[in-house]
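Have a look at the structure below before the remarks.
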Amino acid sequence: MPNNHTVSLEDLRRFFAKVVQDPEKGCWLWQGYCDEKGYGQFRFKEKVVWAHRFIFECLVRQLKDNEDVHHKCAVPGCVNPAHLDAVTPQYNRQEQIHRHRMIKILLNTGQTLFPVEEITQEVVSKEIPF
């Protein structure tokens, strides 16, 4: 459990009172305090801990000293254990850099992830047998 402390049912009730589910993505979105990057924080045993790390250690497994929790869904406020993975700090940092670059490229060029015009023209130009 987080920092080798026992997590009580009351701790979990307090935690889940600050979570809402996103039915579209399946994320469990943290509604408590978040830092400037959107990562949730939770008070546990008189200490402030990262919400995603807390729930990962409660429901999945204890993290090793050389592990970070990676958000596979790319939503910093998500605390759904199915969207979290234990990774090395190096891997986590590479993913953050890659995501940041992709967002920056898309914003600066006005591009979308999918070439909508090309897809639309391709679909419209094909005959659809009914």
- Note on the structure: Out of (1) buried (at least 18 other Cβ atoms within 10 Å of the Cβ); (2) under 27 Å from Gln94 (Cα atoms), the one Lys37 does not meet is (1)
- Of the residues that make up segment 49-57, is at least one closer than 17 Å to Leu84 by Cα, hydrophobic (A, V, I, L, M, F, W, C) and in a strand (DSSP E or B)? yes
- Task: Select from segment 47-104 the residues that are loosely packed, with under 12 Cβ neighbours inside 10 Å, at pLDDT 80 or above and more than 21 Å from Leu12 (Cα to Cα) and list them in ascending order.
- Result: Lys64, Asp65, Asn66, Pro89, Gln90
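The values are calculated or read from the model by the stated rules, or taken from the named source; none is laboratory data. Bear in mind that the values here come from a model prediction, so they are computed numbers and not experimental data. Here Cβ is always computed from backbone atoms with ideal geometry, including for glycine, and neighbour counts include all displayed protein chains.
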